[in-house]
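Accompanying notes for the structure given below.
The values are calculated or read from the model by the stated rules, or taken from the named source; none is laboratory data. Remember, it's a predicted structure, so these values are computed and weren't measured experimentally. Counting neighbours? That spans all protein chains shown, and the Cβs are built from the backbone with ideal geometry, glycine included.
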Amino acid sequence: MPWYVAGPLIGLFVPALLILDNRVFGVSSNLRHLCSAVLPSRLDYFRYDWKRTGLWNLLFAAGILLGGFLACHWGRPQSVAISDETRLALTKLGIHDFSGLAPRQLFTWSALLSLKGLASVIVGGFLVGFGTAYAGGCTSGHAISGLANLQLPSLIAVAGFFAGGLIATHFLLPLIL
Amino acid sequence: MPTNPDTDQPQSQTGIALVAYLLLGVCFGIVLTKSEVVSWFRIQEMFRFQSPRMYEIIASAVVVAAVSVALIKRLGVKTASGEPIAIPPKRLGLGVRYAVGGTLFGLGWALAGACPGPLFALVGSGVTVMVAAIVSALAGTWLYGFLRPKLPH
């Protein structure tokens, strides 16, 4: 799918959700809703009516999962056509399997037993959870909804997203891989 | 929250509206996967500045969303049930939560090669180990809830 189709389509979820019922597009709130629903807790942060505030969004997330399933069972199997420079840089770091959406050397259950698999999946996932909760949003909530509504806090958050991503890519990954 | 006068249930919690959210999610999951935004390889390419693709996708998404929001405000567009559309502003506070939380999220984004939406899409597309990443993200979210009273915002 070319960028000029994908990007505008992603942007349209903002008005679609607002018009449907004043819902603000953002996926990371679901992590909070899931904690609130699954883990009994005395913490104020998780004590709210998650069904009333978050049921719509949990269904949206369930839809994303289903959409991922449909997308990969419909049409040609995907091999991601990244640029030659990226391929070369990753090969130098020891990545040699370029099939699929994520490298199998890092993102399989058996790879969890290795340091690099653990760092990617478990440490990466943990930081995604902690970081989005602290920042109050992720790529959808801040970079798209927030910037679209001209929110300064979201601009600061997005600068942080890229600072963190650059640090991890250029300093942490060479140590881990 | 708008209510449905017949049942006194919030409009958004009625069956049809809930199905609409599920279907919108399905569409979003398909776009994320087919555009390869969910790919660790694409995220690496982005953070190495070796292709404009991810930047073009994010920028055009923001432009379309921003124009839509501006039009909604200017034209006074209402929700499907006739309520005025209002987007709650984000409170700046000290700004620390955005800078520090954002940076920590960015570290995770590059390590896992996925942000929250793509994590769900990847599980669906067969990268099932991302279930472990989601569970770990829940642990991270819980830790934030635990530490929140002590953290600067």
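Here are some notes:
- Being within 19 Å of the chain's Cα centre (by Cα) and polar (S, T, N, Q) holds for only one residue in A:Thr91, A:Thr86, A:Thr169, and it is A:Thr169.
- Residue match in the stretch B:80-97 (condition: part of a loop (DSSP other than H, G, I, E, B), touching a Leu at 6+ places or on another chain (Cβ under 9 Å), among the charged types (D, E, K, R) and modelled with pLDDT of 95 or more): no
- Residue check: B:Thr103 meets all listed conditions (1) outside any helix (DSSP H, G or I); (2) facing chain A (nearest Cβ under 7 Å) but one, namely (1).
- Pairing each residue of the stretch A:9-25 that is polar (S, T, N, Q) with any residue that is part of a helix (DSSP H, G or I), provided the two are 6+ apart or on different chains, yields C-beta distances under 9 Å for A:Asn22/B:Ser12.
- Residues of the stretch A:39-57 include at least one that is of a type in the set (S, T, N, Q) and assigned to a helix (DSSP H, G or I).
- Leading residue by the ranking (farthest from A:Leu17 (Cα to Cα)) among those in the stretch B:55-84 that are surrounded by 14 or more Cβ atoms within 10 Å (Cβ to Cβ) and of a type in the set (Ser, Thr, Tyr): B:Ser60
- If you go through the stretch B:71-129 and keep only what is hydroxyl-bearing (Ser, Thr, Tyr) and without any contact (Cβ under 8 Å) to a residue 60 or more places away in the chain, you end up with B:Tyr98, B:Thr103, B:Thr128.
- Near pairs, Cβ below 9 angstrom, 6+ apart or cross-chain, from the stretch A:108-128 (free of Cβ contacts under 8 Å to residues at least 12 places away in the same chain) to any residue that is charged (D, E, K, R): A:Ala111/A:Arg104
- Test for A:Leu31: is it surrounded by 22 or more Cβ atoms within 10 Å (Cβ to Cβ), more than 21 Å from the chain's Cα centre (by Cα), facing chain B (nearest Cβ under 7 Å) and in a helix (DSSP H, G or I): no
- Of the numbered criteria (1) out of contact with any Leu (no Cβ under 9 Å at 6 or more places or on another chain); (2) modelled with pLDDT under 95, the one A:Val38 fails is (1).
- Selection of the stretch A:126-158 for residues being farther than 18 Å from B:Gly117 by Cβ and at the interface with another protein chain (Cβ under 7 Å from one of its Cβ atoms) yields A:Tyr134, A:Asn149, A:Gln151, A:Leu152, A:Pro153, A:Ile156.
- Qualifying position, being of a type outside the set (S, T, N, Q), closer than 17 Å to B:Ala110 by Cα and surrounded by fewer than 17 Cβ atoms within 10 Å (Cβ to Cβ), among A:Leu93, A:Leu106: A:Leu93
- Conditions (1) modelled with pLDDT of 95 or more; (2) more than 22 Å from B:Arg148 (Cβ to Cβ); number of the one not met by A:Gly100: (1)
This table checks each residue for (1) more than 18 Å from the chain's Cα centre (by Cα); (2) on the phi < 0 side of the Ramachandran plot; (3) not aromatic (Phe, Trp, Tyr).
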{"residue": "B:Val62", "(1), (2), (3)": "no, yes, yes"}
{"residue": "B:Val67", "(1), (2), (3)": "yes, yes, yes"}
{"residue": "B:Ile72", "(1), (2), (3)": "yes, yes, yes"}
{"residue": "B:Gly93", "(1), (2), (3)": "yes, no, yes"}
{"residue": "B:Tyr98", "(1), (2), (3)": "no, yes, no"}
{"residue": "B:Trp109", "(1), (2), (3)": "no, yes, no"}
{"residue": "B:Ala114", "(1), (2), (3)": "no, yes, yes"}
{"residue": "B:Leu122", "(1), (2), (3)": "no, yes, yes"}
{"residue": "B:Ala133", "(1), (2), (3)": "no, yes, yes"}
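- Only one of the numbered conditions (1) facing chain B (nearest Cβ under 7 Å); (2) crowded, with 24+ Cβ neighbours inside 10 Å; (3) not hydroxyl-bearing (Ser, Thr, Tyr) is not met by A:Leu112, and that is (2).
- Qualifying residue in the stretch B:54-71 (condition: more than 7 Å from chain A (Cβ to nearest Cβ) and outside any helix (DSSP H, G or I)): no
- Within the stretch B:118-140, not a single residue is farther than 26 Å from A:Leu65 by Cα, in a helix (DSSP H, G or I) and out of contact with any Phe, Trp or Tyr (no Cβ under 6 Å at 6 or more places or on another chain).
- Filtered residue count, the stretch A:55-81, keeping only those that are at pLDDT 95 or above and either more than 13 Å from B:Gly29 (Cα to Cα) or more than 8 Å from chain B (Cβ to nearest Cβ) (or both): 4
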